[in-house]
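Bear in mind these aren't lab numbers, they're just calculated from the coordinates by the rules spelled out. Small disclaimer: the values here were computed from a predicted structure and weren't measured. Cβ placement follows ideal geometry from the backbone for every residue including glycine, while neighbour counts extend to all protein chains displayed.
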Amino acid sequence: MTILLTKNSVKEDVEMRNVYCQTLSELARENEQIVALDADLMSSMGMIPFLKEFPERTFNCGVQEANMMGVAAGLSATGKIPYAHTFGPFATRRCYDQVFLSGAYTKSNIRITGSDPGVTAAYNGGTHMPFEDIGIMRNIPEMTVLEPTDSVMLTDIIKQLAGLYGMFYVRLLRKNAIKIYEKGSTFKIGKAVKLKNGKDVTIIANGIMVAETLKAAHLLKEKGISVRLLDMFTLKPIDKETIITCAKETGAIVTAENHNIINGLGSAVAEILAENIPTPMERIGVKDLFGEVGSVDYLKERFELTANDIAKKVEKVLKRK
């Protein structure tokens, strides 16, 4: 695996939604059991090419997200491998009972994709801005919760899910991600990626916050602070072993997530530290607030999700070390 540790963020030249469609199409050509479900967002998710190639295996359920989850469960019961997509708040808040009972409780085999996580919902505003979706899905027994960092990771994860059985929630940025990994890299679900080694503090991040932590690491290096960086792309099952090791070796932890700090990455890490190795810790995330309208850059500033905010938290936690 090659990791691109650069000071300046470089966006990928392909949108994540297009990679999702291309990867799913490749899998569908190899496995006729794969089907795609959508809640009237085929164009928004870039899934029109899939629809054209596999019209008999594409189900646009309309703006009826809860029903879509029931349909996905039914398809699973017949041996199909459903990938169901809608915007993050509707895939979780609106569909919770159906996902819990029709999906997880009955041991269904469904891959749920919730797009536009956190501030990436941007101008769609607070109604479409999921700051709580990870927490909702994390509460469902046996649910695997994933947030691919860039298109390289997305490709590998979507391919892996085709061969696994169970309930999966994939939190997906639709637009262009910051390039982190070289093409062809592979990842192990449930195992964090060590982006950078360091001895003073460990920053654990996921999603769009991975790129912000890389920027923060460069800012801190100029101050003589050695930072270890982890990409915790699997929120559940979380990599408990690596978290404990980092706490022992660096003695301080900062988490960074594009999500409410309640019941997200920070909460999951805090639970592990409290029960195994109490360690000074600080959290970057949305502080129990609703979303609002604005550009992604504005919203990062508004909710204190920037590299500068992360650097300040690192300096704070080091004083407690």
Above-threshold pairs, the threshold being 31 Å between Cα atoms, out of 179/236; 159/179; 11/196; 194/319; 107/183: 107/183
Degrees separating the helix 265-276 axis from the principal Cα axis of the chain, which is the longest one: 60 degrees
C-alpha long axis of helix 307-320 to longest principal axis of the chain, angle in °: 50 degrees
Positive-pole candidate from 19, 46, 74, dipole of region 16-172, charges at beta carbon: 74
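After finding the eigenvalues of the alpha carbon gyration tensor for the chain, what semi-axes result from the square roots of 5 times each, listed largest first in whole Å? Walk me through the intermediate numbers first.
Values: eigenvalues 215, 75, 68 Å².
Computed over the chain, the values are 33, 19, 19 Å.
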10 Å beta-carbon shell around residue 229, net charge (K/R +1, D/E -1): +2
Lys/Arg +1, Asp/Glu -1 at C-beta; the chain dipole; positive extreme among 104, 151, 31: 151
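Considering only DSSP beta bridges with both partners in region 132-254, what is the antiparallel share in %, to the nearest 5? Provide the component values of the computation, followed by the final result.
Details: 5 of 16 bridges.
Once the DSSP bridges in region 132-254 are tallied, antiparallel ones form about 30 percent.
What do the square roots of 5 times the Cα gyration tensor eigenvalues come to for region 235-286, in whole Å, largest first, as semi-axes of the equivalent ellipsoid?
Working: eigenvalues 61, 28, 16 Å².
Each semi-axis is the square root of five times an eigenvalue, giving 17, 12, 9 Å.
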Vicinal HN-Hα couplings computed from phi for region 191-201 (Karplus, 6.51 cos²θ - 1.76 cosθ + 1.60; Hz; Gly/Pro x): 10, 5, 9, 7, 7, 7, 8, x, 10, 8, 7
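Assuming R0 = 35 Å, can you tell me the calculated FRET efficiency for the pair residue 241 and residue 30, based on Cβ-Cβ distance, to the nearest 0.05? Each step should come with its number before you reach the end.
Values: r = 34 Å, r/R0 = 0.96.
With R0 = 35 Å, the Cβ-Cβ based efficiency is 0.55.
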Per-selection Rg to Rh, region 46-96 - Cα, Kirkwood hydrodynamic radius: 0.97
Cβ-defined net charge surrounding residue 198, 12 Å radius [Lys, Arg +1; Asp, Glu -1]: +3
Tail beyond 21 Å, pair distance distribution of region 1-95 (Cα, percent): 39 percent
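What length, rounded to one decimal in nm, is gained on full extension from residue 63 through to residue 304, with 0.36 nm per residue of separation minus their alpha-carbon distance?
Values: separation 241, 0.36 × 241 = 86.76 nm, distance 3.30 nm.
Here the answer is 83.5 nm.
Taking the Cβ of residue 183 as the center, what net charge do the other residues with Cβ under 13 Å away carry, scoring Lys and Arg +1 and Asp and Glu -1? Show your work: numbers first, answer last.
Details: positive: 179; negative: 12, 13, 150, 156, 182.
Counting the neighbours of residue 183, the net charge comes to -4.
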C-alpha long axis of helix 240-250 to longest principal axis of the chain, angle in °: 20 degrees
Nitroxide proxy distance, nm - points 7 Å out along Cα→Cβ at residue 10 and residue 182: 1.2 nm
Chymotrypsin sites (Phe, Trp or Tyr not before Pro) within region 75-142, DSSP loop, no more than 13 other Cβ atoms inside 10 Å: none
Two-decimal ratio, region 140-179, of alpha-carbon radius of gyration to 2.2 N^0.38 Å: 1.22
Cα gyration tensor shape for region 193-320, rounded if a/c is under 1.5, else prolate or oblate: oblate
Cα-based Rg and Dmax for region 16-172, where Dmax is the largest Cα-Cα distance (Å): 13.9, 39
Extension reserve of the residue 297-residue 275 stretch, reckoned as 0.36 nm per residue once the Cα distance is removed: 4.3 nm
